[in-house]
Structure formats: structure tokens, C-alpha cells
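Data block below; observations after.
Throughout, read-outs are computed from the coordinates displayed, never taken from laboratory work. The structure presented is a predicted model; accordingly, all values stated were derived computationally and were not measured. As a convention, Cβ positions derive from the backbone with ideal geometry for all residues, glycine included, and neighbour counts pool all protein chains shown.
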Amino acid sequence: MNKALDPAVLQAAEIAGSSVSLPAMDAYWMPFTANRSYKKAPRLLTRAEGVFYWDHTGREVLDGVAGLWCVNAGHGRPRIVKAIQEQAAEMDFAPPFQMGHPKAFELAERVAALAPAGMSKVFFANSGSEAVDTALKMALAYHRARGDAARTRLIGRERGYHGVNFGGISVGGMVANRKHFGHGLAGVDHIRHTHDLSRNAFSRGQPAHGAELADDLERMVALHDASTIAAVIVEPIAGSTGVLIPPAGYLKRLRELCTKHGILLIFDEVITGFGRTGQPFAAQTFGVVPDMITCAKGITNGAVPMGAVICGQHVHDAFMTGPEGAIEFFHGYTYSGHPLACAAGLGTLDTYAEEGLLTRASGEIGEYFANAIHSLREEPHVIDVRNFGLVGGIELQPIADAPTKRAFGVFLDCWQQGLMVRTTGDIVALSPPLIIEKPHIDRIVDTLRTALRRAV
Ligand SMILES: Cc1ncc(COP(=O)(O)O)c(C=O)c1O
């Protein structure tokens, strides 16, 4: 790491240059964070508007990742703020079991209307992780309800990220998220991931090679037998494992195989949902309709936690066969369809609609973004640049024996220059708010270029 970027040196300089005092930091055990080094050199965000954050020293920071892939309409949007404020004053909470409130129904209708035809039922959760575990349980219960109770096996994909609950880490394929926590769910297996730099490096949009990797599902079927497999879950574009774009034809092939074998296909669209790929959902962008979509993040623009499972009518209907007075799905959360989240969701969908944000990434701005980030291909350490819609990934050659260090150094350098990016392994991920303009994209790329040129 550039000596000038040493965290302790930076913190000393920042604090010396500002009149802001830092909060006590002992008690908060931060998630997915190197707590000890963070607390030596904290990066505190204190205000946000549009495509910018401001830190505790008053410095403007361009948001290159929509917070954490969620603030698709940009920060502090008036409709969303007002919707939350008014809902908090009108009704704070309504129990979701055997009771309801109008906005939950309204939001479900609106979300279903955005989804592919036939995906008409919406079950609310409070996060992507909860949406995933809900979908997995739904898949198991679906088969049982249809008298096919032997279908209990769940298939994920290597390098998949499906949140952090036990179901999600079991079908997920990130070693660090799995190895600390025991065996996870029994009866889970994984198909191969699709990342192949030897054939696909520097692809624009969908890589040409790798559709045949979907056939790995046939290997699972040969090993376990289709009659034991309930569902396959994949991210159409894997975000958290480094922006892995599906090879052309891959998702269609996976759909065909699932249909052939009676296996439910779940698209985890926690990141790709709500406009990231240039359509409301990646299912529409790639022309492949799954049986269930999990979503979260952009459903409320990140303003209030919410997740959801959108499922095909056929999935829902399989549950609706018992006595009418009986609960059909023994699952739900105290905060499923929370009034504040529903209000935020409605304000969010209004904002997306008014500004055409759900398709903006497929237009000129997406093209500009692609050209801009691919201009980084000759910079030091860059071994791949990939993009789709308003998602970008820049993969760096790892430092020998110190994986992740180079990319994290770039992250810190960008932060110092006033840009927030995200890194996973040695990949820099970009997913700016969908309201981003060309000068902001220029600034992202210029900042990254500078950071790459001085990275060790
Ligand atoms: C594809 C995918 N699924 C699930 C999750 C988990 O969502 P959450 O952090 O809201 O639980 C994420 C989070 O980034 C995600 O990218």
C-alpha cells in the first residue's frame, strides 16, 4: 500500500484537519468489517444526497456503488422521504399474521406488475438473506404440497452469494462465508461457476463462452437423481463475488434443464432487481423466466429494510389446496410488509417510474459507462474489465501471497480521493446509482485510474 495511505496516518491527518469528534467506537461490532483496523482509521458517512455522501469531516464522496447496491434512485429522494415520514406519523406498525394494511397489498401489486408475466405473487421479508431463505423453504414446501416430498435437495453454484442465513450460506459458494459455520444445511450441492478469464477476459456485456456450464446441472441429476432435487438458485449476475456476467445462452440452458427435470429455478435478484441491468429484473433482460425471484435492496431504494420473494402463480397455487381456513405456508416475519418499508417501496417505485430509472441502464448512459470502464484495461494490474447495464467489475492481479490487499489498497486510495467503490477479493465492483450522469462516470474512472497507477 502507498505509504501515504496507511490507515493510521490518514486518520491522524483527517482528525487534525477537522473539528469533528469521533463517536465512541468500542461497543459496535461491525458486520463484514475488519473491526480493529477500521476503528483505527474510521470512514464515517454522515450525510447523503443524490449521488454523493459526505463524511464526518465534511468531505464529499461520490457513491460508486449505490450505497451497497441498493440506492438505485440516488440518496435523499423527496418522494421516498415524505412517504416514510407520513407513514411513521400515521401508523407505525401493523401485525402481518392474520392481519394486513393497505400499503402491503398495494406494494405487492406494484412489484408483481413489474415482474415477468406470470410471476404474480409477492411474499415480503426484511432483507435479501431472509428472501433467500424464504424462497428455499417455499421450494421445499411446494414439492411437498404437490405430493413430491422426496424433492428436498437444494442446488447452488460455486461463487454464489445468497446472504448470510443458514440456507443462504449453504447454497452459497463463498468459502469464507461457509467455513466458519459448520456443515450448514444437509442435502445441498453446487454446480460450477461461470467465471473463465482464459476465454472471456475483457468481454463487453455477456461473455461468449460458457453456456455449456449450465449442463453441470445434468451432473447433479446423474449423481442425486432429479426426483430428489427441489430447486436451483443462482444470481443472474453475481455481484458480491465480483461481478460475474452470465455467458450468452447460459441462463436459458439452465431454465431448459430445470423444466426438463421438474426442478424449480430461483433467480436471486437482490442486486440485479430494480433496474440494475436495464430492465426491472434481469429475468427480463436475459429473457428467462424463473419460478421465483428473490429481491431486496432496490425495492425500497435502501431507505428501509425490505426483501421479497416474487413467485410464479403455479408455485403459489400449489399451496392453495387445503381447507380454506388453514394457514397455507407456515412462514413469515414480524416485520414482513412493515408499513414503513411498504411506504418507502411505493415512494421508490413512483420515483423509478417518473424518472424512467428501471430502463435507464440499457440506454446511452449504460453505453457510456461501458466505454469508460473499459478504458481502464491497459492500466497497471488490470487483468479483466467486465460490465453489464450499470454494473462493472475490474479484476486485478493479486499480490503474490497477499490476496485482496491490492484491491483494498485501491479502495482506500479512492476513498481518499473522494470516491466510494467496493472490493471483493481482488475485484473492484462498481454499481452507481441509476441517476448517475456522464461527468460522475468520468470522475469514477479518473479516480480509479489514479489509484491503479500508484497501487503497489
Ligand atoms: C445476490 C444476493 N443475495 C442475497 C444478499 C443478502 O442480502 P442482505 O444483505 O439484505 O441480507 C445479497 C447481498 O448483497 C446479494 O447480493
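Remarks
- R0 of 22 Å, Cβ-Cβ distance Arg36-Phe408: FRET efficiency to nearest 0.05: 0.90
- Label point distance in nm, Ala150-His209, each placed 7 Å from Cα along Cα→Cβ: 4.0
- Helix 78-90 and the long axis of the chain differ in direction by around 60°, with both axes built from C-alpha atoms.
- Label-point separation, Ile327 to Arg449 (7 Å along Cα→Cβ), nm: 5.9
- Net +/- balance of residues flanking Ala150 in space, Cβ distance below 13 Å, scoring K and R +1, D and E -1: +2
- Cross-link reach list, aspartates and glutamates versus Lys405, counting only Cα pairs under 16 Å and skipping chain neighbours closer than eight places: Asp6, Glu395, Asp413, Asp426
- Rounded to the nearest 20 debye, dipole of region 233-312 from Cβ charges on Lys, Arg, Asp, Glu: 140
- If R0 is taken as 45 Å, the Cβ-Cβ distance between His314 and Leu22 corresponds to a FRET efficiency of 0.25.
- With a threshold of 22 Å on the Cα-Cα distance, the over-threshold entries among Lys82/Lys121; Lys82/Lys103; Lys137/Lys252; Lys179/Lys252 are Lys82/Lys121; Lys137/Lys252; Lys179/Lys252.
- Region 375-455: chymotrypsin sites (Phe, Trp or Tyr not before Pro) in DSSP coil with no more than 15 other Cβ atoms inside 10 Å: none
- Under 5 Å, built H, 5+ apart or other chain: amide partners of Ile383: Glu395, Leu396, Gln397
- Rounded FRET efficiency, nearest 0.05, which uses the C-beta distance separating Lys137 from Arg219 and R0 of 25 Å: 0.45
- Between Phe181 and Glu60, residue separation times 0.36 nm minus the direct Cα-Cα distance comes to 39.7 nm.
- Crossing angle, helix 364-374 versus the chain [Cα axis fit, 0-90 degrees, rounded to tens]: 60
- Cut-off 13 Å (backbone N to label point 7 Å along Cα→Cβ of Phe97), residues of region 329-350: 329-336
- Folded to 0 to 90 degrees: helix 128-145 orientation relative to the chain principal axis, Cα: 10
- Counting only DSSP beta bridges with both residues in the chain, the antiparallel share comes to about 65 percent.
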